Amino acid sequence: MDNSICQGYEDEIQSLEEEIKLLSEKYEDRQRESTFFSDEEIQMSIKSFQRESQGGSRGCESPSDLTAQLESLETDLSFLMKFTGIQFTSHSKKTLEKTTNRALQKHRLSGNCHSLSFQLEFQLLEMQNKENVSAVITDLSIIMESGESSDVSKFVSSTEEHGNLLKFFRSLSSYAEWHGHRRHTFLHFK
Amino acid sequence: GVLAHLEMLEARAHQAAVKQEEVEQQEQKLARLQARVQELRAQRDELRAKVDLQEKEQLGKEGAVSNPAQPSAQAVLEWKIKSIKATLQIFYLTGISGKLTKRGVCFCISTAYEGTYLDSYYLDLLTKPEVQIHRHSVPIFIPLEQIARSYLQTDIRRFLSVLSEHLNAYVGRRYQADQLQEHFSEQIEGTLQRNSLCNLLVFNYKVSNKSKTFPFKVRLLYGDLCCSLPTEVIVSCT
């Protein structure tokens, strides 16, 4: 009889520890989502961080690690934007649901691709099973600047229907590139 | 007689003492567990209150909320790093992402069928003296060399775009075949036969009507490697 009481306590301890972990992750995620620092604040932080650490050894990461990491990430990002022609002007995400192996986030994204601008909203469901992580897009909503063209609107509504975000970007990329070429050619002959 | 009796009493006393110790240990363990449960419950309740308060604050205010306490420079940098990583993750969703390396670029081609993201493939490219593929994880039945010969030197974007089409189509065909096998296992007889490129599918299935069952054999040929829909379908009644 005593053993079952002990077991009951141990089970509760385990579930409480899990719940605490999830709650603190949720808190941190939301805290991060509502934070925003401007570019100047970031520059100032870089300078002050380097000054601070010159005075003595810092706690977690050395200044060179963090600033080097930031630089490398920024270089990668600007390379990708230049290479693909896709520039994201704003991105916000909100965690709707999070458990140990399931996370649902709502994303709002706007940007342009070779001068064609777009605005997107979608939900991303990530699930962890034994072997891998799966990612599924739902509730995709796309607004395109040149939405008047019937081809574009047909394409947009069919991609929205199937949640085909990847196809949207791949097609947008090639359409936008050729759109640019066509405009140049047209202007040339005007 | 007496000695045996004494021994028996001693043994009994010993047993009682051992039992007493066990009971005490059990009680201590229970007390410890109880205390831990209380501690964790309190921690959990505190966190719940914190999260609820956070929710109320965020619903009340619109737009950016600046931290009341001045964050350290390290926290600001960590925030920026996380923010850039999030944007890089979005690039993963667009189908082509990557990272600069010492000698070139490592591209990642992601694939998806409708809204479900599937496998990703890597291409480690060197850029000097000319663009060449150093390593890759593209399966051998994808005509990578042929595509590279046509576009890699002249138009690298086109190269990636064509390769992405092939990979997405292959993964799309494979996914559809898997889904078919999974969701229609009752109607399909045996297993789906397919080649590695998943552009040839052969299977038998049955359609039941009242008491009769009709066996069919299907052959699906996907002639266009950049397409995940068949170009030729042959259905025959066996």
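Among the residues of the stretch B:85-129, the one identified as farther than 19 Å from B:Phe141 by Cα, touching a residue at least 12 places away in the same chain (Cβ under 8 Å) and touching a His at 6+ places or on another chain (Cβ under 6 Å) is B:Leu126.
Residue-wise test of (1) touching a residue at least 40 places away in the same chain (Cβ under 8 Å); (2) hydrophobic (A, V, I, L, M, F, W, C); (3) farther than 18 Å from B:Gln89 by Cβ; (4) not assigned by the TED database to the domain that holds A:His184.
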{"residue": "A:Thr89", "(1), (2), (3), (4)": "no, no, no, no"}
{"residue": "A:Leu96", "(1), (2), (3), (4)": "no, yes, no, no"}
{"residue": "A:Thr100", "(1), (2), (3), (4)": "yes, no, yes, no"}
{"residue": "A:Arg108", "(1), (2), (3), (4)": "no, no, no, no"}
{"residue": "A:Asn132", "(1), (2), (3), (4)": "no, no, no, no"}
{"residue": "A:Ile143", "(1), (2), (3), (4)": "no, yes, yes, no"}
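Put simply, of B:Ser137, B:Ser236, B:Ser208 the only residue that is modelled with pLDDT of 95 or more and surrounded by fewer than 19 Cβ atoms within 10 Å (Cβ to Cβ) is B:Ser137. Elements of the type strands (runs of 3 or more DSSP E) sitting completely within the stretch B:32-149 and holding at least 1 residues that are under 32 Å from the mean Cα position of the chain (by Cα) and at the interface with chain A (Cβ under 7 Å from one of its Cβ atoms): these cover B:96-100, B:104-113, B:116-126. The strands (runs of 3 or more DSSP E) found wholly in the stretch B:150-238 and carrying at least 3 residues that are more than 32 Å from the chain's Cα centre (by Cα) occupy B:200-209, B:212-221, B:232-237. Residue selection: B:Tyr170 fails the criterion of being in contact with a Gly (Cβ under 9 Å, 6 or more places away or on another chain) and not polar (S, T, N, Q).
I need the full set of residues from the stretch A:87-136 which are of a type in the set (Val, Ile, Thr) and surrounded by 15 or more Cβ atoms within 10 Å (Cβ to Cβ), in order please. Listed by number, the residues that qualify are A:Thr95, A:Val136. Against the test of being surrounded by 13 or more Cβ atoms within 10 Å (Cβ to Cβ) and of a type outside the set (D, E, K, R), the options B:Leu30, B:Leu53, B:Leu9 yield a single qualifying residue, B:Leu30.
The values are calculated or read from the model by the stated rules, or taken from the named source; none is laboratory data. Remember, predicted model here, so these are calculated numbers, not experimental data. Glycine also receives a Cβ, built like all others from the backbone with ideal geometry; neighbour counts cover every protein chain displayed.
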